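Participant: Provided herewith is a single structure, encoded as structure tokens, for subsequent inquiry.
Any read-out appearing in this document is the output of simple, stated calculations on the displayed coordinates, not a laboratory observation. Note that the structure is predicted; figures quoted are calculated from it, not measured. Glycine also receives a Cβ, built like all others from the backbone with ideal geometry; neighbour counts cover every protein chain displayed.
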Amino acid sequence: MSNTRRRVGVLALQGDFREHLAALRACEVEGVPIRLATDLEAVDALILPGGESTTMAHLMEPALKQSIQQRAAAGMPVLGTCAGMILMAREVQDGRPDQETLKLIDIGVRRNAYGRQIDSFEADVTSAAIGGPAPAVFIRAPQLTGRAADVEELARHGDQTVAVKQGNRLALAFHPELTPDRRWHQYFLSLNGERR
């Protein structure tokens, strides 16, 4: 699979951004830590990592939020994993009253639906998008509560949808960066930067 992205930003305010940067290096792509709106100008795709979604939302300067929304609307591919999926969602259940999301993908999610840190687990998740089963790490993972008709399901775990795609936006309830399997990152890197 060819990597069409040359420089991929990773939101680096909190969470496991270092693991995503390492995954991008393994895919032979340059990863760029993103902390300010001006950092976003240097990249053509963005990853919102796992971590604490409320903390990330509060640490994000308003100019960065606005820049991410504008760039995504103009076609920049965005990947959100775990907390990143929450940040991308249009609606959040069990969130804090002041929790604002980026509203990048037409889904609803429930925070920490899989329980506390102690309830974390790893399971194989099968997806035709990546050519079969791949390991997925679930840590206080969000659960999908709804999705628009044009949001495509890419993977399930049990009876739950755990990976979705809408246009060039990809949201995963799990952490692919915490496994040695790079196929989810490669799939993301193959998405075209087209306006949806």
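Participant: How large is the translational diffusion coefficient of segment 7-189 in µm² per second when you combine the Kirkwood radius over alpha carbon pairs with Stokes-Einstein at 20 °C and 1.002 mPa s?
Facilitator: 135
Participant: Quick check for you: which residues of segment 66-89 have the amide N under 14 Å from the point 7 Å beyond the Cα of residue 192 toward its beta carbon?
Facilitator: 75-77
Participant: OK, next. Using θ = phi - 60° and the Karplus relation 6.51 cos²θ - 1.76 cosθ + 1.60, list the HN-Hα couplings for segment 32-39 in order, rounded to whole Hz, with x at every Gly or Pro.
Facilitator: These are the phi-based 3J(HN,Hα) values: 10, x, 10, 10, 10, 4, 5, 5 Hz.
Participant: Note down the net charge around residue 135, summing +1 for each Lys or Arg and -1 for each Asp or Glu among other residues with Cβ under 13 Å from its Cβ.
Facilitator: Computed value for this residue: -2.
Participant: Find the all-direction average of the projected area of the Cα convex hull for segment 117-196, expressing the result in square nanometres with one decimal place.
Facilitator: Dividing the Cα hull surface by four gives the mean projection, 5.6 nm².
Participant: Could you tell me which of 137, 46, 185 has its Cα farthest along the dipole of the chain towards the positive end, charges placed at Cβ (Lys, Arg +1; Asp, Glu -1), taken about the Cα centre?
Facilitator: So the residue furthest toward the plus end is 46.
Participant: To the nearest 500 deg cm²/dmol, what mean residue ellipticity at 222 nm is calculated for the chain from DSSP H runs of n ≥ 4 alone, each contributing -39,500 (n - 2.57), summed and divided by the residues?
Facilitator: For the chain, the value works out to -6000 deg cm²/dmol.
Participant: Fully extended, how many nm does the chain gain between residue 94 and residue 153 (0.36 nm per residue separation, minus their Cα-Cα distance)?
Facilitator: Using 0.36 nm per residue and subtracting the Cα-Cα distance, I get 19.0 nm.
Participant: Peptides 67-79, 28-40: what's the order by average Cβ count within 10 Å, highest mean first?
Facilitator: 67-79, 28-40
Participant: Whose amide H sits under 5 Å from the amide H of residue 147, counting only residues 5 or more places off or on another chain, with H placed in the peptide plane?
Facilitator: The answer is 108.
Participant: Given charges of +1 on the Cβ of Lys and Arg and -1 on the Cβ of Asp and Glu, with all other atoms neutral, how large is the dipole of the chain about its Cα centre, in debye to the nearest 20?
Facilitator: In total the dipole reaches around 260 debye.
Participant: Can I ask one more? Please give the length that would be gained between residue 126 and residue 44 if that part of the chain were fully extended, namely 0.36 nm times their separation in residues minus their C-alpha to C-alpha distance (nm, one decimal).
Facilitator: Full-extension gain reported as 26.7 nm.
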